[in-house]
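Peer 1: Below is a structure I'd like to ask you about.
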């Protein structure tokens, strides 16, 4: 089945998954679970894209756009890492954006659906980060096509999301029936690795100077025997993030496989 058909026929699943962030009572369940189970993944993912960017382009990024920024945790982390960087967070939840703005950091927080991003963001971005919310987009193909137009000449989109084939492993992390219901809806809305690969192929095939990579290995999806993996692992900040996660009793062996997708633009 073509990816366009898969995306169209699964739209109801994505709408259902979104209710766990828009409904007041449901959002308490999703926030509690995400803070407990995904905060370590978040810091590792941030250091992964920073390490990838510096190894690919031999410089630090000047700007980062976080799609689905929630209460601004990623933006706050980046603000503590860099003195001069343009940070923008976008989320459809007015409550989340209100909380993010209270952080008092030098960043722009925008309340908007990802579909309407071009109404609020026009500057080119070095990194666009989509962390564990790709399955919430009404039309992910259209959104990624839009985001590609926001990429600078040396840039990347990094997507981390659930793998639908890992539902069983994901349910092992639930601590209540409510969390099980939350996870079932999120996994039903997600793609498989092959579907994800098809989607990134479709959105990049006619883009000049744009390529993509996908995988489900722990660090960035890169094969642990690849030169790219070893290049990333030489980065001290990524090493520190991994050590911190171990200190927080983060157990890689118990984590379900995630999808990792990179869209890379290099026109220089």
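The values are calculated or read from the model by the stated rules, or taken from the named source; none is laboratory data. Remember, predicted model here, so these are calculated numbers, not experimental data. Note that we place each Cβ from the backbone using ideal geometry, even for glycine, and neighbour counts take in every protein chain shown.
Yes/no per residue for (1) over 14 Å from the mean Cα position of the chain (by Cα); (2) at pLDDT 95 or above; (3) part of a loop (DSSP other than H, G, I, E, B):
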position: 5; (1), (2), (3): yes, yes, no
position: 19; (1), (2), (3): yes, yes, no
position: 50; (1), (2), (3): no, yes, no
position: 56; (1), (2), (3): yes, yes, no
position: 65; (1), (2), (3): no, yes, no
position: 69; (1), (2), (3): no, yes, yes
position: 80; (1), (2), (3): yes, yes, no
position: 97; (1), (2), (3): yes, yes, no
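Peer 1: Within segment 194-215, can you find the residues that are out of contact with any strand residue (DSSP E or B) (no Cβ under 6 Å at 6 or more places or on another chain) and either assigned to a helix (DSSP H, G or I) or within 24 Å of residue 168 (Cβ to Cβ) (or both)?
Peer 2: Selection gives 194, 195, 198, 199, 201, 202, 203.
Peer 1: Okay, next question. May I ask you to list the residues in segment 159-187 that are farther than 25 Å from residue 219 by Cα and part of a helix (DSSP H, G or I)?
Peer 2: As a first pass, look at segment 159-187 and keep what is farther than 25 Å from residue 219 by Cα: 175-182, 185.
Of everything in segment 159-187, those that are farther than 25 Å from residue 219 by Cα and part of a helix (DSSP H, G or I) turn out to be 177, 178, 179, 180, 181, 182, 185.
Peer 1: So, residue 26, is that one surrounded by fewer than 20 Cβ atoms within 10 Å (Cβ to Cβ) and either at pLDDT below 95 or touching a helix residue (DSSP H, G or I) at 6+ places or on another chain (Cβ under 8 Å) (or both) or not?
Peer 2: yes
Peer 1: Output the qualifying pairs, or none if there are none: Cβ atoms under 6 angstrom, residues six or more apart or on different chains, first residue in segment 33-53 and within 21 Å of residue 185 (Cβ to Cβ), second residue part of a helix (DSSP H, G or I).
Peer 2: 33/179
Peer 1: Further question on the same structure: Is there a residue being more than 18 Å from residue 262 (Cα to Cα), at pLDDT below 95 and either in contact with a helix residue (DSSP H, G or I) (Cβ under 6 Å, 6 or more places away or on another chain) or surrounded by fewer than 22 Cβ atoms within 10 Å (Cβ to Cβ) (or both) anywhere in segment 134-152? Please lay out each step first, then the result.
Peer 2: Initially, segment 134-152 is screened for residues more than 18 Å from residue 262 (Cα to Cα), giving 136, 138-139.
Pick out the ones that are also at pLDDT below 95 and you get 138.
In the following step, the residues that additionally are either in contact with a helix residue (DSSP H, G or I) (Cβ under 6 Å, 6 or more places away or on another chain) or surrounded by fewer than 22 Cβ atoms within 10 Å (Cβ to Cβ) (or both) were identified as 138.
Checking segment 134-152: at least one residue is more than 18 Å from residue 262 (Cα to Cα), at pLDDT below 95 and either in contact with a helix residue (DSSP H, G or I) (Cβ under 6 Å, 6 or more places away or on another chain) or surrounded by fewer than 22 Cβ atoms within 10 Å (Cβ to Cβ) (or both).
Peer 1: Next question, about the same structure. Just to be sure, is residue 75 outside any strand (DSSP E or B), touching a strand residue (DSSP E or B) at 6+ places or on another chain (Cβ under 8 Å) and either surrounded by fewer than 14 Cβ atoms within 10 Å (Cβ to Cβ) or free of Cβ contacts under 8 Å to residues at least 40 places away in the same chain (or both)? Walk me through it before giving the result.
Peer 2: Numbers: outside any strand (DSSP E or B): yes; touching a strand residue (DSSP E or B) at 6+ places or on another chain (Cβ under 8 Å): yes; either surrounded by fewer than 14 Cβ atoms within 10 Å (Cβ to Cβ) or free of Cβ contacts under 8 Å to residues at least 40 places away in the same chain (or both): yes.
Criteria met by residue 75.
Peer 1: Scan 194, 206 and give me the residue that is surrounded by fewer than 22 Cβ atoms within 10 Å (Cβ to Cβ) and modelled with pLDDT of 95 or more. First the steps, then the outcome.
Peer 2: Details: 206 fails: modelled with pLDDT of 95 or more.
Result of the check over 194, 206: 194.
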